[in-house]
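**Q** This is the structure, below, for whatever I ask next.
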């Protein structure tokens with residue numbers, strides 16, 4: 001355990017020297033070289049969450065061509081490992097290390113060099129703790145355009161290791177963590193993309209009565225039916241604040257318990273069991289948000305994938321029980337379901353009635369094909385959930401390391 005406020009709680013073995021306090025201006029030196037676009041200094045972009053990147057990779061709507069002037073305009077030079085920030089966008093994380101290479105960027109940005117280990121300094125200036133300290137110097141009357149000027153940024157005190165070797169080891173550790181996190185993020189994104197594509201190809205589109213992709217052996221046309229022809233609905237519990245207890249009663253599933261197709265637990269509500277006048281949820285049931293302050297949340301749903309004792313849904317939810325619940329859950333993930341939600345939303349109140357749900361029409365195959373399709377999407381959902389858990393675990397490890405390896 002390190003001495004309080006002098007050294008981080010966790011260090012690599014062999015390093016015992018106290019970390020030193022410096023003004024950031026002693027660590028960073030502003031690079032103020034202006035030059036035109038050239039072959040060895042191409043025009044680059046800088047964006048929150050992306051850092052210094054090739055102009056073509058920018059995620060936001062690219063309007064840079066409106067001010068691009070390769071003949072007459074001087075741009076700001078940036079080199080590999082520079083620390084770059086946007087004074088007017090610091091609150092959104094627009095500070096990063098240049099991992100791209102030499103080039104020029106808009107002179108609205110500020111770029112610094114350092115003789116310390118750049119990957120180590122990057123971790124300090126990108127931390128939430130540092131950002132909050134810097135934002136106390138925001139200036140400007142328009143909130144969205146408030147800025148932190150370089151003089152104020154450089155006046156902040158930071159604590160750094162006196163050993164470049166220790167700095168480098170810390171920087172390398174977090175670079176490796178970021179590589180692993182990015183790898184898992186790409187795997188997760190790929191699985192989500194695969195699911196989206198298969199939802200389009202394994203359900204009939206644009207008035208067709210068969211999907212583009214089917215399991216072998218199925219050739220019959222799908223049949224259009226009302227949702228109530230295939231599933232059973234049940235309503236949620238209406239209760240008063242006096243019915244709510246701290247624990248030990250009946251658990252009420254509400255919209256806050258539904259996130260990304262999964263049941264989550266957090267701000268849970270329990271009520272006295274003697275006020276229950278509706279069905280308990282069962283494993284395999286699907287719960288759907290039917291009323292919410294935000295229109296975008298109407299229709300979000302989750303399948304109950306574990307046995308739940310004494311659990312009901314709230315009044316702003318509806319429940320579905322289906323013999324082919326995995327297929328039904330996949331159906332509710334399709335774009336067709338989103339269109340039905342939009343079509344049936346109330347004009348002034350953000351809700352859909354259970355009656356409207358019952359009358360929604362979709363294409364259905366026979367029960368055997370439903371079973372196959374349901375199993376396939378359950379398998380995909382499990383892979384996505386597993387990858388998401390791994391990703392969150394890695395992010396939590398990084399967060400813990402940032403807290404314990406810096407002062």
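**Q** Subtracting the Cα-Cα distance from 0.36 nm times the residue separation, let me have the gained length for residue 297 to residue 366 in nm, one decimal. Kindly include the intermediate steps, with their values, before the conclusion.
**A** Values: separation 69, 0.36 × 69 = 24.84 nm, distance 3.08 nm.
Gain in length upon complete extension: 21.8 nm.
**Q** Specify the residue with the greatest mean-square fluctuation among 301, 184, 22, computed from a Gaussian network of the chain linking alpha-carbon atoms under 10 Å apart.
**A** For the chain, modelled as a Gaussian network with Cα springs under 10 Å, the answer is 22.
**Q** Same structure, new question: Can you compute the helix-only [θ] at 222 nm over the chain? Use -39500 (n - 2.57) per DSSP H run of at least 4 residues, normalise by all residues, nearest 500 deg cm²/dmol.
**A** Value at 222 nm, helices only, nearest 500: -9500 deg cm²/dmol.
**Q** Taking the 0 to 90 degree range and rounding to the nearest ten, how far is the long axis of helix 164-201 tilted relative to the main principal axis of the chain, both from C-alpha atoms?
**A** So the inclination is approximately 30 degrees.
**Q** Now for a different question. So which residue, out of 261, 299, 355, gets the largest mean-square fluctuation from a GNM of the chain using Cα contacts under 10 Å as springs?
**A** 355
**Q** Test of understanding: in a Gaussian network model of the chain with alpha carbons linked when under 10 Å, which of 73, 395, 300 would top the mean-square fluctuation ranking?
**A** 73
**Q** Next up: What is the spin-label model distance, in nm, from residue 404 to residue 323 if the labels are put 7 Å beyond Cα along the C-beta direction?
**A** 5.4 nm
**Q** Could you rank the peptides 159-167, 385-393, 85-93 by their average count of other C-beta atoms within 10 Å per residue, with the highest value first? Kindly include the intermediate steps, with their values, before the conclusion.
**A** Working: 159-167: 17.6, 385-393: 14.6, 85-93: 19.4.
Ranked from most to least packed, the peptides come out as 85-93, 159-167, 385-393.
**Q** Follow-up. In whole angstrom, note down how far apart the Cα centers of region 384-407 and region 8-61 are.
**A** 23 Å
**Q** Turning to a different aspect of this structure: Could you state the angle between the C-alpha long axis of helix 335-344 and the longest principal axis of the C-alpha atoms of the chain, as a value from 0 to 90 degrees rounded to the nearest 10?
**A** Roughly 70 degrees between the two axes.
**Q** Could you calculate the contour length gain from residue 216 to residue 242, that is, 0.36 nm times the residue separation minus the distance between their Cα atoms, to one decimal place in nm?
**A** Details: separation 26, 0.36 × 26 = 9.36 nm, distance 5.60 nm.
Contour length minus Cα-Cα distance gives 3.8 nm.
**Q** If you don't mind, another one. At 7 Å along the Cα-to-beta-carbon direction for both residue 172 and residue 397, put a label point, then send me their distance in nm to one decimal.
**A** My value for the distance between the label points is 1.8 nm.
**Q** Output the peptides 273-284, 361-372, 216-227 sorted from most to least packed, where packing is the average of other Cβ atoms within 10 Å over each peptide's residues. The partial results should precede the final answer.
**A** On the way: 273-284: 14.7, 361-372: 17.7, 216-227: 12.8.
Result, highest mean first: 361-372, 273-284, 216-227.
**Q** Also: Take the alpha-carbon positions of the chain, form their convex hull, and give its projected area averaged over all directions (one quarter of the hull surface) in nm². Numbers along the way, then the final one.
**A** Details: hull surface 111.5 nm².
Computed as one quarter of the Cα hull surface, the answer is 27.9 nm².
**Q** Another one. Given points 7 Å out from each Cα along the Cα-Cβ axis, report the residue 36 to residue 16 separation in nanometres with one decimal.
**A** Rounded to a tenth, the inter-label distance reads 6.0 nm.
**Q** Give, as ranges by residue number, the residues of region 211-241 whose backbone N falls under 14 Å from the point 7 Å along Cα→Cβ of residue 278.
**A** Hits in region 211-241 for residue 278 at 14 Å: 233-240.
**Q** Could you order the peptides 343-352, 94-103 from most to least packed, using the average number of other C-beta atoms within 10 Å per residue? Write down the numbers at each step before the final one.
**A** On the way: 343-352: 13.1, 94-103: 20.5.
Most protected by this proxy first, the peptides run 94-103, 343-352.
**Q** Oh, and also: May I ask you to compute the full-extension gain from residue 56 to residue 223, defined as 0.36 nm times their residue separation minus their alpha-carbon distance, rounded to one decimal in nm? Intermediate values should be presented prior to the final figure.
**A** Values: separation 167, 0.36 × 167 = 60.12 nm, distance 4.61 nm.
Here the answer is 55.5 nm.
All of the numbers you see were taken from the coordinates with simple rules; none came from a lab. Quantities reported herein were computed from a predicted structural model and do not represent experimental measurements. Cβ: placed from backbone, ideal geometry, glycine included. Neighbour counts: every protein chain shown.
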